[in-house]
2 protein chains.
Amino acid sequence: MAQALTNPKDDFSGWYNEIVYRADLAGQSPVRGCIIVKPYGYEIWEGLKAALDKRFKATGHQNAYFPLFIPEDYLKREAQHVEGFSPELAVVTIGGGKELEERLIVRPTSETIIGEAFSEWIQSYRDLPLLINQWANVVRWEMRTRPFLRTMEFLWQEGHTAHATEADAEAETLQMLDVYADVVINEAAIPVIKGLKSDSERFAGALRTYTIEAMMGDKRALQSGTSHNLGQNFAKAFNIQYLDEGNQRQFCWTTSWGMSWRVIGGIIMTHGDEKGLRLPPRLAPIQVVIVPIYKTPEEQSAVMAAADRLKQALVGADIRVKLDAREETPGFKFNDWEMRGVPLRLEIGPRDVQNNTVVAARRDIPGREGKSFLSQDNIAAQVAALLTHLQANMLAQAAAFRDANIHDVRSYDELKQVIEAGGFARGWWKEDSEAEARIKAETQASHRCYPLEQPGGEGVNFLTGERADRVALFAKAY
Amino acid sequence: MAQALTNPKDDFSGWYNEIVYRADLAGQSPVRGCIIVKPYGYEIWEGLKAALDKRFKATGHQNAYFPLFIPEDYLKREAQHVEGFSPELAVVTIGGGKELEERLIVRPTSETIIGEAFSEWIQSYRDLPLLINQWANVVRWEMRTRPFLRTMEFLWQEGHTAHATEADAEAETLQMLDVYADVVINEAAIPVIKGLKSDSERFAGALRTYTIEAMMGDKRALQSGTSHNLGQNFAKAFNIQYLDEGNQRQFCWTTSWGMSWRVIGGIIMTHGDEKGLRLPPRLAPIQVVIVPIYKTPEEQSAVMAAADRLKQALVGADIRVKLDAREETPGFKFNDWEMRGVPLRLEIGPRDVQNNTVVAARRDIPGREGKSFLSQDNIAAQVAALLTHLQANMLAQAAAFRDANIHDVRSYDELKQVIEAGGFARGWWKEDSEAEARIKAETQASHRCYPLEQPGGEGVNFLTGERADRVALFAKAY
């Protein structure tokens, strides 16, 4: 029998790494800090991609593709940007056997090279808004890496848009934040808090960075997607101008927004349990596994025939189903598919064949409570309904857990207690980078965001005692 | 008025570059040899991707993702492979501000890193066949580059599979060649010849390389996709072994196969004409453009209302349609959409509104012959039928052109005449790398393939006079 999975309560980090490998999501790579995403993990990414891409197109965005390599001097044009990314760069110095005269940066993000292109593409107000998205790999030379959460190379999408007015750019920034929240909440079943980053946490070169923050099973925060209002910073650095209706030259207002395969890490850490992965049905590569149960060859042939009929009925309803016909015990198969997070298991044995039934076992509700008998008639509709319930219940479970672990704090001591015990601390906060740095140094908790939903009114900054008109969330984060 | 497009008969190469930029498929990039693929070009690539991906999955393949960077020593393990790719490599020597101890190669192709992974993933015959595909960017340091056809970085897919027997590997290699031919013929409307590469033209490290070869408008050949039987070369270099049913260790037999955005170049050069691009309906981002024609405001409002109804009817039938409401003359719009290759144009004016008609103009048939009156009733079904005809006709046009330009040759002089005049030369050929090199040096024509469809029997090698049991195609190529 396989070694038991580490209990997440004992060692969340060890448990996470085990799940990545034992659920067959990814493998280690010979290149430090990179991962090999295996088919089962990649299919989750394909689901996320499709969900995002559909929404990008529905909101008028078009995909394009820009070069992997960026001339070194491009990065230097926006001062904060180069400062933010310089320590993380991979540099190509040799090409075709020769030392390069101009070294090439492997893109850590593409604001600069896309900014340069936009300066050519945009001439007049008629060309605005320009709404572009790119699906790409990027490279950031990270020192401490973890599969999906922080890898040297990762897959993501990066949206880049240009607008005539500040208001248009702000509306776009918030629209894409809403798209991210929609996908993460409704596809990945992860509840998120939309918020604004503090000055010290915002993107290098941005005016404002918005974020969606989720709470993981160890009560740490995961920044799951960011949307940046870049103001005119990049437009001025790359000369992105347009002629307005009065024939005057104006600088554009630009935005960028990105979401990566990090969300897969978020799914693992939000939903996983001591038995392994739990996947939300909408993103699960296998939504339903059918496990046949039999002892004799006669039983086997009757059970397999019925199992195959069930499978065909589900396939016909576009439900992603697998019939596990391996020569292993049912117990082995139960464990295996629980580890891999398949949302729903159908068990069928000789008595079920006789009674025209099948046992459904939900991955979101352990033990007997998660089991029910279904009729084999009209199985697809019953399964589809169960999957819908399951998706909603996983979101509800995660939201309940999160809400129980957000605590209001009125003093630094209270914050320390919350962070120590695990959870998000919420308190009145007046923007103060130095005070943030102190909290981070002393408690490891960082300013996650000013939630967009605010209580209103005023309060007292829990650390400094100053008047503040916003609350902020603090937490340890990935 | 815009400058006239270069005539492809005068300067095919100049015409090609102009189309790429004027049809808005791609833009120049600040990095030598790279291109920026603009939304209109990228959408063609998305269509090709979807067509391929669907077929890969239908034949049991799964997508995965492997690192961009390959340790330098991996490439060296398969001797021919490293020899083939060494001159073309981009090398990362600096990461995170420090000189790297082991330099990293930006992947030119992934046989090596995937071979290493396969050696871990495969244990027993039960793990076979292993059928993996990767969508990725790769980098080859090319000296002479052309948009889509030969760029330093390009997007492609690379399939990698492992099998228990040589026969299984060969069947897979040929199956994927068939998939490529199916997509290029039936989606891109480009007729191709399936064939086997000669020894000197095959992939570095392969046992056998199969190809699909197409004829471009200047009668040169374009290799449009290749499928390699790698034998046990990579299995031995990367120790990809399995335990067979008798519990004996065996080396696997592996394959790889790739198709890139080069096919977009093939579409341009197969179908384009003196007016610009011509896109096959199945891959056209815009299949139908509606151009409203009016003079007075009263006419405008009646025409636009009717045009909008037409548009909605087509959208409802999943036809990709654009209503061109710009403030430009109809003539300007006709030229613009002809340049961009939209397969079908619908013109609607005041008289059409009165008569409940619309004029359809096909991009594949110039002038009056390509025009017809349609009723506004049931427009979607009529347009769908026209698009189907159009797709088939573009393939037929290209096939007729190609077939008229393949010539049998019995002597070197005849080959020289064919190559000089333009076209493919087909003649009996006994494998001979030195003779091939001589032909290439003297005529620029290369051995394209031994077509899989052979006349049978025997003949005399047109150059050496030796007996030969196969014919081969020779042509200048991209």
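The values are calculated or read from the model by the stated rules, or taken from the named source; none is laboratory data. This is a predicted model, so every value here is computed, not measured. Heads up, the Cβs are rebuilt from the backbone with ideal geometry, glycines too, and the neighbour counts pull from every protein chain shown.
Scanning segment B:92-114 for residues that are more than 7 Å from chain A (Cβ to nearest Cβ), among the aliphatic types (A, V, I, L, M) and over 30 Å from the mean Cα position of the chain (by Cα) yields one hit, B:100.
Considering segment B:115-131, the residues that are assigned to a strand (DSSP E or B) and in contact with an Asp or Glu (Cβ under 9 Å, 6 or more places away or on another chain) include one that is nearest to the other protein chains (Cβ to nearest Cβ), namely B:131. Here residue B:161 fulfils each of the conditions (1) at pLDDT 95 or above; (2) outside any strand (DSSP E or B); (3) not basic (Lys, Arg) apart from (2). Looking at B:460, B:471, B:409, just one residue is more than 30 Å from residue B:264 (Cβ to Cβ) and in contact with a helix residue (DSSP H, G or I) (Cβ under 8 Å, 6 or more places away or on another chain), and that residue is B:409.
In this structure, is residue A:89 within 21 Å of residue A:32 (Cβ to Cβ), facing chain B (nearest Cβ under 7 Å) and surrounded by 22 or more Cβ atoms within 10 Å (Cβ to Cβ)? It is false that residue A:89 is within 21 Å of residue A:32 (Cβ to Cβ), facing chain B (nearest Cβ under 7 Å) and surrounded by 22 or more Cβ atoms within 10 Å (Cβ to Cβ). Can you find a residue that is crowded, with 18+ Cβ neighbours inside 10 Å and touching a residue at least 24 places away in the same chain (Cβ under 8 Å) anywhere in segment A:95-103? Looking through segment A:95-103, at least one residue is crowded, with 18+ Cβ neighbours inside 10 Å and touching a residue at least 24 places away in the same chain (Cβ under 8 Å). Here residue B:278 passes the criteria (1) out of contact with any His (no Cβ under 6 Å at 6 or more places or on another chain); (2) in contact (Cβ under 8 Å) with a residue 12 or more places away in the chain except the one numbered (1). Residues that are outside any strand (DSSP E or B) and charged (D, E, K, R) occur in segment A:144-153; there is at least one. Kindly indicate whether any position in segment B:146-156 is within 12 Å of chain A (Cβ to nearest Cβ) and under 22 Å from residue A:30 (Cα atoms). Checked segment B:146-156: no residue is within 12 Å of chain A (Cβ to nearest Cβ) and under 22 Å from residue A:30 (Cα atoms). Residues in segment B:306-327 that are free of Cβ contacts under 8 Å to residues at least 60 places away in the same chain and either outside any loop (DSSP other than H, G, I, E, B) or surrounded by fewer than 13 Cβ atoms within 10 Å (Cβ to Cβ) (or both): B:307, B:308, B:311, B:312, B:315, B:318, B:321, B:322, B:323, B:326, B:327.
Considering the conditions (1) of a type outside the set (Lys, Arg); (2) closer than 18 Å to residue B:118 by Cβ; (3) within 21 Å of the chain's Cα centre (by Cα), residue B:163 is excluded by exactly one of them, (3).
Among the numbered conditions (1) more than 22 Å from the chain's Cα centre (by Cα); (2) within 10 Å of chain A (Cβ to nearest Cβ); (3) aliphatic (A, V, I, L, M), the only one that residue B:136 does not meet is (1).
The set of residues in segment B:14-45 that are assigned to a loop (DSSP other than H, G, I, E, B), more than 7 Å from every other protein chain (Cβ to nearest Cβ), more than 17 Å from the chain's Cα centre (by Cα) and modelled with pLDDT of 95 or more comprises B:23, B:24. Checking segment A:115-132 against the condition returns a match, with at least one residue being under 23 Å from the mean Cα position of the chain (by Cα), surrounded by 21 or more Cβ atoms within 10 Å (Cβ to Cβ) and either at pLDDT 95 or above or acidic (Asp, Glu) (or both). For segment B:351-361, the set of residues classified as part of a strand (DSSP E or B) and either at pLDDT below 95 or surrounded by fewer than 20 Cβ atoms within 10 Å (Cβ to Cβ) (or both) consists of B:357, B:359, B:360, listed by residue number.
If only one of A:48, A:75 is touching a helix residue (DSSP H, G or I) at 6+ places or on another chain (Cβ under 8 Å), closer than 30 Å to residue B:45 by Cα and modelled with pLDDT under 95, which one is it? Within the list A:48, A:75, the selection yields A:75. Residue count for segment B:162-202 satisfying the condition of being closer than 24 Å to residue B:45 by Cα and crowded, with 19+ Cβ neighbours inside 10 Å: 16.
The lone criterion from (1) of a type in the set (Ser, Thr, Tyr); (2) buried (at least 20 other Cβ atoms within 10 Å of the Cβ); (3) away from every other protein chain (no Cβ under 12 Å) left unmet by residue B:59 is number (2). Beta carbons closer than 6 Å, at least 6 apart along the sequence or on distinct chains, never pair a first residue in segment B:384-408 that is free of Cβ contacts under 8 Å to residues at least 24 places away in the same chain with a second that is aromatic (Phe, Trp, Tyr) and surrounded by 16 or more Cβ atoms within 10 Å (Cβ to Cβ).
Would you mention how many residues in segment A:337-350 are under 15 Å from residue A:293 (Cβ atoms) and in a helix (DSSP H, G or I)?
So the count comes out to 2.
Screening residue B:67 with (1) within 9 Å of chain A (Cβ to nearest Cβ); (2) surrounded by fewer than 21 Cβ atoms within 10 Å (Cβ to Cβ); (3) in a loop (DSSP other than H, G, I, E, B) gives one miss only, at (2).
Assessment of segment B:144-155 against the conditions (within 12 Å of the chain's Cα centre (by Cα) and at positive phi) yields at least one matching residue. If you check residue A:270 against the conditions, is it polar (S, T, N, Q), closer than 30 Å to residue A:374 by Cα and surrounded by 23 or more Cβ atoms within 10 Å (Cβ to Cβ)? It is true that residue A:270 is polar (S, T, N, Q), closer than 30 Å to residue A:374 by Cα and surrounded by 23 or more Cβ atoms within 10 Å (Cβ to Cβ). Just one of (1) assigned to a strand (DSSP E or B); (2) within 18 Å of residue A:18 (Cα to Cα); (3) polar (S, T, N, Q) fails for residue A:254. It is (2).
Residues being over 25 Å from residue B:192 (Cα atoms) and in a loop (DSSP other than H, G, I, E, B) are represented in segment B:295-305 by at least one member. Scanning segment A:365-414 for residues that are under 17 Å from residue A:281 (Cβ atoms), outside any helix (DSSP H, G or I) and of a type in the set (Gly, Ala, Ser) returns a single hit, A:372.
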